[in-house]
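Q: Would you mind keeping the following structure in view while I ask a few things?
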Amino acid sequence: MKKLFLSIAMALTLTTAISANFQYEQENISLDLSSLTQEQVTVKVAGTSTHFYHTASQEAGYDGWLATIEAISPVSDLFSVYNHVSYQVLGICEDTVYLYHQADGGIPTSQMLLGDYTQVKKYFTYEALLETMNQMEALPILDSDAPYMKSEVALDQVLTHHMLSQWLGELFPTVTNVVDYGILPDDGTHTITRGEFAAILHRLHFVPPVGLYGDDDGFSDVSVHDSYIHSAYVLGWMQGYEDGCFRPEQPITIGAAITALNRSLCRDQSAYPDLFSANLLEAMGQLNHHGQEGFVTDTGKLAQSLGIVVDSIFYFNDLEGILVGRTDETPCIILQTDDGGATWSEYPAKESVFPHKQFGSEETMNAALRTVVLRPTGIGGVYLQVYYQPYDSVYSINFVAMKQSVLKEIS
């Protein structure tokens, strides 16, 4: 059986005598952390989880938790029976997926021990462990450049297991059977419900659901515990109905599935207010290519005068326009003009285009923002796309979501 090898080279200069390097081996996990000593780390195994603690903190009466590596086998169980929503995938070894967990609040040590705890902790971060896992199989990668999904039958027909399996084969060209990963249930006879599809969208990206903040109560027919449905709504992948229901047990139509799938891949083309029309045109691939009319290509002088990097400018008419740019300190800047570019001011509807519902505070949302993009819609307006990292916790992972707004005028 393969072993999961983790090794971290000496990074600290130790001035005092030390005992043996920290080493740990248990089934598929083998660690050799040469910068740490055996006395600095305590290991506890419970079931399929291996927990690592800062020894000095535990001896002083504190928790001292550093991290946990959990093994889920077979891989398909990650989505079929696993119910812990806060995790990061370290990788796969044979038919076992290894998950990373760490505390989501507070420091489990004293102020006196904080310095040593922090030194040890940096070798147990997700990034540190991931960097050393050269024996791991890579997770399947979605091909976001795959052709837009199309249907040979009417888009108001329900999505079948067989059709979805074909789509996933195009999106995961390196995977011979998506059932092996638990992405798609091993049942080729039934139709896919809206609730099932919300969960499948997360499985495609190997990510847990995100939280819902604020006063939004969600859907009247969905329990607060149905986290995948709420998450698909928060991420903008799926919407409910005008009566406040989501209808999770209702089979999802082909058109709605295509739209939700493309939204999860950050390539939403739905600029039209009528959802079915958007599904129809998107599924037919007729919203995939738009001209550049209204966009300004020469932005050098304006960027210099504003003191920012100007990524894109779009004019709705001779006077009204919108600009997106950035600085080293601020990754997402949105400005507007109503005098043909003579002066620029902050975009007034900024609150509506950012993903506030997903974050507990303005500060955490701003820290999650990555970039803003303008893209033509082909209907006399522009897409404003805000890309962000959607996990408001220490479980931040390398996954980017996109909130899209359609602007036909700036006022």
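Q: Before we move on, is THR371 closer than 30 Å to GLY91 by Cβ, more than 13 Å from the chain's Cα centre (by Cα), at pLDDT 85 or above and not aliphatic (A, V, I, L, M)?
A: yes
Q: So, one more: If you check GLY214, GLY255, which single one turns out to be crowded, with 22+ Cβ neighbours inside 10 Å and modelled with pLDDT under 85?
A: That would be GLY255, the only listed residue that is crowded, with 22+ Cβ neighbours inside 10 Å and modelled with pLDDT under 85.
Q: Moving on. Can you tell me which residue in segment 343-359 is surrounded by the fewest Cβ atoms within 10 Å (Cβ to Cβ), limited to those that are modelled with pLDDT under 90 and small (Gly, Ala, Ser)?
A: Once the filter is applied, the top-ranked residue is SER352.
Q: I'd like to know if segment 31-39 contains one or more residues that are outside the structural domain of GLU196 (by TED's automatic domain parsing), modelled with pLDDT of 75 or more, over 28 Å from VAL224 (Cβ atoms) and outside any strand (DSSP E or B).
A: Yes: one or more hits.
Q: Hey, among the residues in segment 40-82 that are of a type in the set (D, E, K, R) and within 30 Å of PHE197 (Cβ to Cβ), which one's modelled with the lowest pLDDT?
A: Result: ASP77.
Q: For segment 56-73, what are the residues that are buried (at least 19 other Cβ atoms within 10 Å of the Cβ) and in a helix (DSSP H, G or I)?
A: Hits for segment 56-73 are ALA56, SER57.
Q: Among the residues in segment 376-385, are any surrounded by 20 or more Cβ atoms within 10 Å (Cβ to Cβ), assigned to a strand (DSSP E or B) and either at pLDDT below 80 or not aliphatic (A, V, I, L, M) (or both)?
A: Taking every residue of segment 376-385 in turn, at least one turns out to be surrounded by 20 or more Cβ atoms within 10 Å (Cβ to Cβ), assigned to a strand (DSSP E or B) and either at pLDDT below 80 or not aliphatic (A, V, I, L, M) (or both).
Q: Would you please name the residue that is nearest to GLN58 (Cα to Cα), looking only at residues in segment 108-140 that are at pLDDT 90 or above and in a helix (DSSP H, G or I)?
A: TYR117
Q: Please list, ordered by first then second residue, the pairs with beta carbon atoms under 8 Å, 6 or more apart or interchain, first in segment 210-226 and among the charged types (D, E, K, R), second at pLDDT 80 or above.
A: Sorted first by the residue in segment 210-226, then by its partner, the pairs are ASP221/CYS245; ASP221/PHE246; ASP221/ARG247; ASP221/PRO248; ASP226/GLY195; ASP226/PRO248.
Q: Follow-up question, since we're still on this one. Which of the residues spanning segment 228-269 are in contact (Cβ under 8 Å) with a residue 40 or more places away in the chain, farther than 24 Å from PRO376 by Cβ and more than 20 Å from the chain's Cα centre (by Cα)?
A: PHE246, ARG247, PRO248, GLU249, GLN250, PRO251, ILE252, THR253, ILE254, ALA256 - these are the residues of segment 228-269 that are in contact (Cβ under 8 Å) with a residue 40 or more places away in the chain, farther than 24 Å from PRO376 by Cβ and more than 20 Å from the chain's Cα centre (by Cα).
The values are calculated or read from the model by the stated rules, or taken from the named source; none is laboratory data. Just so we're clear, the structure is a prediction, and the values are computed from it rather than from any experiment. As a convention, Cβ positions derive from the backbone with ideal geometry for all residues, glycine included, and neighbour counts pool all protein chains shown.
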